[in-house]
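A short write-up of the structure that comes next.
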């Protein structure tokens, strides 16, 4: 499933870059993320709680910063997580691009998400909606953090 | 994979169990929605609290102020209740149009609302009637208008410590007409591709005195079509006027693509079926 999100963050690109490539700091802006701890160079372990009514997914897994190019404002993140209680995995590759917009920065995130197991039962519209909510809150939090 | 099943006999006992087990508890009445989610493996509660033995949650009462329906009354019982037919025949037809008789014999009103699936039938009709739910917690009771109950897919504004105990439908002003239309292009027992509920009252001079329109399956929650209502209120509706008002439904809905149709198709069908519902009510 390919997802595209764009958000305007009211801060200059250098500051947004510093925050989004600091995985533990950026993760604090993802609603539902519990502890994120380093597990190697550019690698982290973390946990994400996603709630949809009575259904609670706890996605435990690894996040890695796989590529960064500050001059071009591009970074790539890979996440592999599973919910061991319900059974299901989520694999996501996210390409982030930061574009100067005067004093602000446009954050573009292109995600390729593969979902297997029970989590897929929700169907694409619901998953897309949940991802949209996460991304919107993420961008708002980045803006607040940098304000 | 098992859970402990509890059958409290009073609301107070059910609330105490809910407080004791917290997030590990799940409330059921007919358990039709729960069984599907459990079999899909999406729910794994340690404790299931069945509400069907609580006598206070059953029964339908007709009052001067309208109709009160207990949370554990089944769809079938509502469909067959004389009081409901007397209150509003369209409400009877709404419940009669849900799924199949086997489902209606088991599924309850409270379960239907608490499950918050956006494609279900009773919510739009209850919104159009101006109904409210009673939410009971250890702190007491509060009421929530049905059009403020739904927050997102499968998500309501009920708090974790609350039980939906009843639905109150207000008395309708004399001359109020109501309808529920369900577009079912696939099978008769399917969820609707779009559904429209509406209530309308014309003043003696032929102007629209009161109108409420709500749609199902047109986004993450059932939705009230306030733009359509605003375009009609105070007007003397003719065919042209109704068509124009129905076209405004586009601003009120946010459908998504699924097996029952693309978002674009659902937008078209929402307009068509809103127009049909309104035409029926003014004819």
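The values are calculated or read from the model by the stated rules, or taken from the named source; none is laboratory data. Source: prediction; values computed, not measured. For neighbour counting, all protein chains shown are included, and Cβ atoms are generated from backbone atoms with ideal geometry for every residue, glycine included.
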* Name every residue in the stretch B:129-159 that is in a loop (DSSP other than H, G, I, E, B) and either more than 14 Å from every other protein chain (Cβ to nearest Cβ) or at pLDDT below 95 (or both), in order of residue number. => B:130, B:131, B:138, B:139, B:153, B:154
* Considering (1) in a strand (DSSP E or B); (2) within 14 Å of chain A (Cβ to nearest Cβ), say which one residue B:182 fails and leave the rest. => (2)
* **Residue check for residue B:123: in contact with a strand residue (DSSP E or B) (Cβ under 7 Å, 6 or more places away or on another chain), within 14 Å of another protein chain (Cβ to nearest Cβ) and over 30 Å from residue B:20 (Cα atoms)** => no
* Asked: Inside the stretch B:33-128, counting only strands (runs of 3 or more DSSP E) that do not spill past its ends, which hold 1 or more residues that are farther than 28 Å from residue A:58 by Cβ?
  -> B:60-63, B:66-70
* Asked: In the stretch A:10-25, is there at least one residue being modelled with pLDDT of 90 or more, assigned to a strand (DSSP E or B) and touching a strand residue (DSSP E or B) at 6+ places or on another chain (Cβ under 8 Å)?
  -> no
* Asked: Has the stretch B:48-65 got any residue that is surrounded by 16 or more Cβ atoms within 10 Å (Cβ to Cβ), within 14 Å of chain A (Cβ to nearest Cβ) and farther than 23 Å from residue B:168 by Cβ?
  -> yes
* Any chance you could count how many residues in the stretch A:133-147 are under 23 Å from residue A:21 (Cβ atoms) and over 11 Å from the mean Cα position of the chain (by Cα)? => 8
* Asked: Condition test on residue A:112, is it more than 14 Å from chain B (Cβ to nearest Cβ) and out of contact with any helix residue (DSSP H, G or I) (no Cβ under 9 Å at 6 or more places or on another chain)?
  -> yes
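Restricting attention to the stretch B:164-178, and to residues there that are away from chain A (no Cβ under 14 Å) and under 23 Å from residue B:16 (Cα atoms), which single residue is surrounded by the most Cβ atoms within 10 Å (Cβ to Cβ)?
Let us first name the residues in the stretch B:164-178 that are away from chain A (no Cβ under 14 Å), namely B:165-178.
Subsequent filtering for residues that are under 23 Å from residue B:16 (Cα atoms) retains B:165-167.
Numbers: B:165: 21, B:166: 24, B:167: 27.
Of everything passing the filter in the stretch B:164-178, B:167 is surrounded by the most Cβ atoms within 10 Å (Cβ to Cβ).
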* Asked: From the set of residues in the stretch A:52-88 that are surrounded by fewer than 16 Cβ atoms within 10 Å (Cβ to Cβ) and either in contact with a helix residue (DSSP H, G or I) (Cβ under 9 Å, 6 or more places away or on another chain) or within 14 Å of chain B (Cβ to nearest Cβ) (or both), which is farthest from residue B:114 (Cα to Cα)?
  -> A:70
* Among (1) over 30 Å from residue B:58 (Cβ atoms); (2) surrounded by fewer than 18 Cβ atoms within 10 Å (Cβ to Cβ); (3) in contact (Cβ under 8 Å) with a residue 60 or more places away in the chain, the one test that residue B:193 misses -> (2)
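Residue by residue, here is whether (1) part of a helix (DSSP H, G or I); (2) under 30 Å from residue A:123 (Cα atoms); (3) in contact with a strand residue (DSSP E or B) (Cβ under 9 Å, 6 or more places away or on another chain) holds:
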{"position": "B:205", "(1), (2), (3)": "no, no, no"}
{"position": "B:210", "(1), (2), (3)": "no, no, yes"}
{"position": "B:241", "(1), (2), (3)": "yes, no, no"}
{"position": "B:264", "(1), (2), (3)": "yes, yes, no"}
{"position": "B:273", "(1), (2), (3)": "yes, yes, yes"}
{"position": "B:280", "(1), (2), (3)": "yes, no, yes"}
* Any hit, the stretch A:123-138, residues being more than 23 Å from residue B:263 (Cβ to Cβ) and in contact with a helix residue (DSSP H, G or I) (Cβ under 9 Å, 6 or more places away or on another chain) -> yes
* Among residues belonging to the stretch B:21-35 that are closer than 21 Å to residue B:103 by Cα and at the interface with chain A (Cβ under 10 Å from one of its Cβ atoms), point out the one that is surrounded by the most Cβ atoms within 10 Å (Cβ to Cβ). => B:27
* Give the number of residues within the stretch A:134-147 that are touching a residue at least 24 places away in the same chain (Cβ under 8 Å) and surrounded by fewer than 14 Cβ atoms within 10 Å (Cβ to Cβ). => 2
* Asked: Can you tell me which residue in the stretch B:248-267 is farthest from the other protein chains (Cβ to nearest Cβ), limited to those that are closer than 11 Å to residue B:225 by Cα and buried (at least 20 other Cβ atoms within 10 Å of the Cβ)?
  -> B:249
* Asked: Taking the stretch A:92-123 as the search range and keeping residues that are surrounded by 15 or more Cβ atoms within 10 Å (Cβ to Cβ) and more than 18 Å from the chain's Cα centre (by Cα), which one is nearest to residue A:21 (Cα to Cα)?
  -> A:104
